[in-house]
1. Within segment 127-146, restricting attention to residues that are over 14 Å from ALA190 (Cβ atoms) and more than 30 Å from the chain's Cα centre (by Cα), which residue is most open to solvent (accessible area, probe 1.4 Å)?
2. Condition (residue is in contact with a helix residue (DSSP H, G or I) (Cβ under 6 Å, 6 or more places away or on another chain), open to solvent by less than 90 Å² (accessible area, probe 1.4 Å), of a type outside the set (D, E, K, R) and not in a loop (DSSP other than H, G, I, E, B)) applied to segment 198-212: is it met by at least one residue?
3. Hey, any hits in segment 197-216 for a residue that's farther than 30 Å from ASN323 by Cα and in contact with an Asp or Glu (Cβ under 6 Å, 6 or more places away or on another chain)?
4. Filter segment 270-291 for residues that are part of a loop (DSSP other than H, G, I, E, B) and open to solvent by less than 60 Å² (accessible area, probe 1.4 Å); which is farthest from ALA367 (Cα to Cα)?
5. Show the residue pairs meeting these rules: Cβ distance below 8 Å; 6+ apart or different chains; first residue within segment 49-60 and without any contact (Cβ under 8 Å) to a residue 24 or more places away in the chain; second residue part of a loop (DSSP other than H, G, I, E, B) and among the aliphatic types (A, V, I, L, M).
6. What is the number of the single condition among (1) surrounded by fewer than 13 Cβ atoms within 10 Å (Cβ to Cβ); (2) without any contact (Cβ under 8 Å) to a residue 12 or more places away in the chain that GLN303 does not meet?
7. Kindly indicate which of GLU213, GLU162 is within 30 Å of the chain's Cα centre (by Cα) and free of Cβ contacts under 8 Å to residues at least 40 places away in the same chain.
8. State yes or no: is LYS173 under 30 Å from SER60 (Cα atoms) and out of contact with any helix residue (DSSP H, G or I) (no Cβ under 8 Å at 6 or more places or on another chain)?
Amino acid sequence: MNLLQSDKTYEELIQHMERCGYSPFHIQRVNRETKWLSEHKEMLASYEEACILRSSETESADMKQQFRAVYSLFRRYAIYGTLSVPIREPLFRQDTYSKLSPYFQHILDLYREDSVARGLKPGTYLSGISACSGLLLHCQKRGCKTLEDITEDTVLSYFCDESGKPILSSSTKVNIASVFHADLGMHTDAARAILAYLPALNRRRKNIQYLTEEEILSIKNVLMSEEDCITLRNRAIGMLLFFTGMRSSDIAGLAFSDIDGEKEEIRVFQKKTGNELVLPLTVSIGNAIYDYVTMERPQSDSQRIFLCEQAPYKPISAGTVGNAADRLFEAASVRQGKQDRKGAHLFRHNVATSFSRKDIPRPVISATLGHVDPDSLDHYLFADIEHLRGCAVSIEGYPVREGVFTL
């Protein structure tokens, strides 16, 4: 039985993850599960079943979360053939929702209607529905029939173990809170009361890799070089990544109609948010695209600018943009270590931190990156080393034992 249920293989999945810049630790977990699946495939019928079986083998909340992430990844790759889709379907969403009473299902349906009316994208409100389904099912199993029946103790028992230690992430809390913050009609007041029951959870921040000044200079030299160290297509893609910070999906979907030479603008509707993004068409970017189109682009009736380099010359995917970024790093001789993160998203970090170092206002940076939520910028500015240094406190007034800073 092929659990991936597609023409893709596990080896292709691993290669795809490497190109997309997944961490070696996550790839190692996926490799581990592929071996386990190959040994137990005869007794499994679905990803959900495999995840439940694996989770039953451990009491560790972290391990259970890892299993859920890996098997969600398996299913997403099987459905889409790529990991670059903007909407990630949670592994157990439909099963959890279907187990709720009509009353609780109605609560989530009201949230969906309110979200659509406010113009939220499906990826946003579906995450809220998925997270809140779990909480409501937990409350339902403990005898709660309405929102008014839900107590603080019931909510805390969902977020924490018997010792009071949190077992769910802060992002889960945020998604659940988004439901109770919404306009739920006659249930709004009861939903607001539940917000006060949600526990205070520390936000987990991952280490963010960023491009150093030396790496930026090396990459820029490759982009501006007249030597054929990278293809014209990859040079044009690299120009867009380096100078605009556009998402891979938007670069892959770039069409000739998105380029306005007279106004010197790039105008696209973002794949992730659906909102229009207008960026300047600089001379260097325009020339790079022109060179590719006139000298290297295969003959095609496609209105998409960037095409695959091999027949039948179809429009590229977001994963191909990531591959182009990897070729750029390779040509610049940077980030070639096993632990070094690559991929196209690093360039968005670089654009954000570069603007921040020049004291460009946050709204301008958010508009350039196409963010809908201004708080989204925080994740990028965590790597703004120059401004972070300004937050450092001197330790001159504190005694330090001799030899502490001696290698």
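The values are calculated or read from the model by the stated rules, or taken from the named source; none is laboratory data. As the structure is a prediction and not an experimental result, all values here were calculated from the model. We place every Cβ from the backbone using ideal geometry, glycine too, and count neighbours over all the protein chains shown. Side chains are part of the model used for accessible areas, which takes the heavy atoms of the whole protein and leaves out ligands, DNA and RNA. Shrake-Rupley method; radii C 1.70, N 1.55, O 1.52, S 1.80 Å.
1. LYS141
2. No, because not a single residue in segment 198-212 is in contact with a helix residue (DSSP H, G or I) (Cβ under 6 Å, 6 or more places away or on another chain), open to solvent by less than 90 Å² (accessible area, probe 1.4 Å), of a type outside the set (D, E, K, R) and not in a loop (DSSP other than H, G, I, E, B).
3. Just the residues of segment 197-216 that are farther than 30 Å from ASN323 by Cα, to begin with: 197-203.
Now restrict to residues that are in contact with an Asp or Glu (Cβ under 6 Å, 6 or more places away or on another chain): 197.
Within segment 197-216, one or more residues are farther than 30 Å from ASN323 by Cα and in contact with an Asp or Glu (Cβ under 6 Å, 6 or more places away or on another chain).
4. Just the residues of segment 270-291 that are part of a loop (DSSP other than H, G, I, E, B), to begin with: 270-275, 281-282.
Keeping just the survivors that are open to solvent by less than 60 Å² (accessible area, probe 1.4 Å) gives 270, 273-274, 281-282.
Working: GLN270: 12, THR273: 13, GLY274: 14, LEU281: 16, THR282: 17 Å.
Per the criteria, the residue is THR282.
5. Cβ pairs passing all conditions: LEU53/LEU44.
6. Among (1) surrounded by fewer than 13 Cβ atoms within 10 Å (Cβ to Cβ); (2) without any contact (Cβ under 8 Å) to a residue 12 or more places away in the chain, the lone unmet condition for GLN303 is (2).
7. GLU213
8. no
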